[in-house]
Structures are given as C-alpha cells and as structure tokens.
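Here the structure is laid out as structure tokens; the discussion comes afterwards.
The values are calculated or read from the model by the stated rules, or taken from the named source; none is laboratory data. Because the structure is predicted, anything quoted here is derived from the model rather than measured. In this analysis, Cβ positions are derived from the backbone assuming ideal geometry, glycine residues included, and neighbour counts consider all displayed protein chains. Only protein heavy atoms, including side chains, enter the accessible area calculation; ligands, DNA and RNA are left aside. Shrake-Rupley method; radii C 1.70, N 1.55, O 1.52, S 1.80 Å.
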Amino acid sequence: IELTYMPQFDVETDEPLTVPQYWQKMGHALSPAQLNLINAADPRRDVCLLTGDTASGKTHAAVLLGIQLACERPMSVGLVTAPTQAVLTHNVLEKYRQLLPQLGLVAGLDYKLSQRQIRFANGSRIKFMAIKNPAIDLTECQWIHAEHMHDLTETQFNRLLAQLRQPGCDGRIDRLRFFGTGRPVADGWQTQLFGQGNPYAFRHLTSQTRDN
C-alpha cells in the first residue's frame, strides 16, 4: 500500500525530496541544528540529543523526522515517549496534527490518528506512550523520539535503547534512530553520555530560539 502523498522532485536531479526538503521548498526554513538532527551521522545507528530553550524548534524538527521515517519505511514502528501522557498529547501529538496535512497527507486516507497511535497507509505506525508505560518493554522499534528528555533518568534512557531492534522489510536490523529533545542540562548522565568526546559517538546538538 502506498501513500497518496506524492513527494515533490528536485528539478536538477529528479530525485524525490525528503520531508525536510519539501518543507523548505514550501518556504519554511529549518535551522542548522534542526537539519543536523534530521540527517543521521551514521546511517546504521544514530543516537542524538537536541537541546534548546523554549520555542527553539526542537519538537518541530523531531516531528518532521518522525513523519519522514514513517513514510520511508513501510511496516515500521516508531515510538514517541515523554515523562507524562499530557506532554505527549499537548506537545507532540498536537504538532503531528498540525504538520501532517501541511505536508500533503490526507487524514482518513494516508493516515489515521488517535490519542495513542498514528497508523499510516503503508503499514507503518507511530505509537505514543508515557515513559512509565510497561508496554514499552514489548515494543520493538526502528526509531524513538524522547520528548522532555531532561526529565528522564539514565535507566529509562537505556530501557528505550533496548527497544531499538525492529528489523526492516529487508530483514536488516540497522538504520536505527534515537532522537531526544529537551532543555539544556548543566550536569548529570546526559552530559556524560552526550558530552564532547563521549565513547559512544552519541551526538549532542544545540538549538537556538533566534534561529527558529
């Protein structure tokens, strides 16, 4: 099953545009940090943390990436999590409600949206679960977005990484993506794991409100 949404094509290369490229083609600018979040440094497994102040475009970029991954990967499962269900509903799910139709996707045809899940016509799904939901441990994913990551513990972070193991349609268990968004943290486990020179090659990006 294919989405009715037809991507725009680059006039020079005749290649289909990604969701962020299409967004920019529509006249919406993305900051360098937003683009760096979307573009994985390592296509096999990318773990990235985007921090910034309020209204710096963190959630916006993460939702664009989630839509792109769902459209590109039939039958895939993506997980969006946060400390509470209220944060998921008001911060993230509402942003999906705004951006899906702006990208040309038709509700009821290309996707079906509920409080707990978005199901796309190509079989991919985006699930919304608060971090304390025990069902997370039963959810194998190809990608995860953790909202308000500044409020998560290292144990919860490791628990999420363990769920990145859903094979693609070709059977490959790679192209796995984890992207966290949240406020800057001065000290603690995030500084150690995402700091400069960390042994895991985790990425830390900073988004500025003035660039949004």
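So the values come out like this:
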item: Pair list, Cβ under 8 Å, 6 or more apart: the range 154-166 residue closer than 17 Å to TRP143 by Cβ, other residue charged (D, E, K, R) and open to solvent by 30 Å² or more (accessible area, probe 1.4 Å); result: ARG159/ASP137; GLN163/ASP137; GLN163/GLU140; LEU164/ARG45; ARG165/GLU140; GLN166/GLU140
item: Search result, residues across the range 175-186 that are open to solvent by 30 Å² or more (accessible area, probe 1.4 Å) and within 27 Å of ASN133 (Cα to Cα); result: ARG175, ARG183, PRO184, VAL185
item: For ARG125: the one exception among (1) touching a Lys or Arg at 6+ places or on another chain (Cβ under 7 Å); (2) crowded, with 21+ Cβ neighbours inside 10 Å; result: (2)
item: Residue selected from the range 191-211 under the condition open to solvent by less than 80 Å² (accessible area, probe 1.4 Å) and without any contact (Cβ under 8 Å) to a residue 40 or more places away in the chain, by the criterion nearest to ALA33 (Cα to Cα); result: GLY195
item: Single unsatisfied condition, GLU140 versus (1) surrounded by fewer than 17 Cβ atoms within 10 Å (Cβ to Cβ); (2) in contact with a strand residue (DSSP E or B) (Cβ under 7 Å, 6 or more places away or on another chain); (3) more than 27 Å from PHE194 (Cβ to Cβ); result: (3)
item: Residue, surrounded by the fewest Cβ atoms within 10 Å (Cβ to Cβ), within the range 76-92, restricted to residues that are over 11 Å from HIS145 (Cβ atoms) and in contact with a strand residue (DSSP E or B) (Cβ under 6 Å, 6 or more places away or on another chain); result: THR84
item: Per-region count, the range 143-172, residues open to solvent by 50 Å² or more (accessible area, probe 1.4 Å) and among the polar types (S, T, N, Q); result: 3
item: Residue satisfying all of: in the range 37-54; at pLDDT below 85 and small (Gly, Ala, Ser); nearest to GLY168 (Cα to Cα) among these; result: ALA40
item: Selected residue (only one of GLN21, GLN68, GLN34 is closer than 26 Å to GLY168 by Cβ, open to solvent by 60 Å² or more (accessible area, probe 1.4 Å) and not in a loop (DSSP other than H, G, I, E, B)); result: GLN21
